[in-house]
Amino acid sequence: MSQLGFSREGVLKLATIDYSIALHFERASRSIFQSQIDALQFLAQHKEINLDQLRTFYTTATLFYPQQYANYPFESWVNFLESWALLCVEGERVVSTPAGRAVLAYMAARGYLNAQLFL
C-alpha cells in the first residue's frame, strides 16, 4: 500500500469506513419492507415525486398485507425511510438521496432485490 501512498493507519481507516458503511446498509436492508424498496426504486428513477405518489406504495401494501400494516401507519413507514436518510420529505415533495440509491445498489449487488421476502 505504501507504493500507492497509503500508510498502514490510512488503510485501516479506509477499511473501518468501508465496513461501517456496509454494516449500515446491511442493517437497513434487513429492516426494510418490500413496499419501501419499491418506493425507493421508483424514486431513484424519477429523482423527485410527491407525497401522494409515495403513499401509493404504502396503500398497495396495506391491501395485500392488512395484518402486518394494521399498526404501522404511513407516517411511521415514511419515517423509517427518512431516519435512515434513504429519502427526504420536504412538505409534499419527496426527493431521492445518495444513501437511498446506494442502499439499492448494495442490495442489488447481494441479490437481495431478487428475493421477494419483504412485506
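The values are calculated or read from the model by the stated rules, or taken from the named source; none is laboratory data. What you see is a predicted model, and the numbers here were worked out from it, not measured in a lab. Glycine gets a Cβ as well: all are built from the backbone with ideal geometry, and neighbour counts include every protein chain shown.
Structural remarks
- Of all residues in the range 86-103, those satisfying the criterion of being surrounded by fewer than 13 Cβ atoms within 10 Å (Cβ to Cβ) and over 16 Å from Ala22 (Cβ atoms) are Glu90, Gly91, Glu92, Arg93.
- Looking across the range 67-85, just one residue is within 16 Å of Ile21 (Cα to Cα) and not small (Gly, Ala, Ser), and that is Trp84.
- Residue match in the range 7-30 (condition: within 15 Å of Leu87 (Cα to Cα), out of contact with any Lys or Arg (no Cβ under 9 Å at 6 or more places or on another chain), of a type in the set (A, V, I, L, M, F, W, C) and modelled with pLDDT of 90 or more): no
- Matching residues, the range 40-50, being in contact (Cβ under 8 Å) with a residue 12 or more places away in the chain and either closer than 15 Å to Pro98 by Cα or in contact with a Gly (Cβ under 7 Å, 6 or more places away or on another chain) (or both): Leu40, Gln41, Phe42, Leu43, Ala44, His46, Lys47, Glu48
- Per the listing Phe74, Phe80, Phe57, the residue uniquely under 22 Å from Phe25 (Cα atoms) and without any contact (Cβ under 8 Å) to a residue 40 or more places away in the chain is Phe57.
- Residues (surrounded by 13 or more Cβ atoms within 10 Å (Cβ to Cβ), aliphatic (A, V, I, L, M) and at pLDDT 95 or above) located in the range 45-85: Ile49, Leu51, Leu54, Ala61, Val78, Leu81
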